[in-house]
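Below you'll find the structure, written out as structure tokens, and then a few comments.
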Amino acid sequence: MKPCDCKMMKDCDLLQEQAISFNGRGIGVDSIGVILSIDPHIMIKFTHKTFRSFVDWYLEDQEK
């Protein structure tokens, strides 16, 4: 199962990892969407659909 497949909290419980972090920056998932954290005081939450749009844009080759 991929983190983007989580629709309910029980789905998130099936993941091997619900979040990862490096040097105080992290990304995690819950049933509502994706949570980006910069430090303990700053968190940004996106729906799965919105986050997917950002990821698709980031990974798309724009040389045409």
In region 19-56, the residues that are part of a loop (DSSP other than H, G, I, E, B), more than 9 Å from the chain's Cα centre (by Cα) and not hydroxyl-bearing (Ser, Thr, Tyr): Asn23, Gly24, Ile32, Pro40, His41
Quick one: would you say Cys12 is surrounded by 12 or more Cβ atoms within 10 Å (Cβ to Cβ) and in contact with a Lys or Arg (Cβ under 9 Å, 6 or more places away or on another chain)? no
Could you tell me whether Asp61 is assigned to a loop (DSSP other than H, G, I, E, B), without any contact (Cβ under 8 Å) to a residue 12 or more places away in the chain and over 14 Å from Lys2 (Cβ atoms)? yes
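Only the coordinates and a few stated rules stand behind these numbers; no lab work does. Remember, predicted model here, so these are calculated numbers, not experimental data. Every residue, glycine among them, receives a Cβ derived from its backbone with ideal geometry; neighbour counts consider all protein chains shown.
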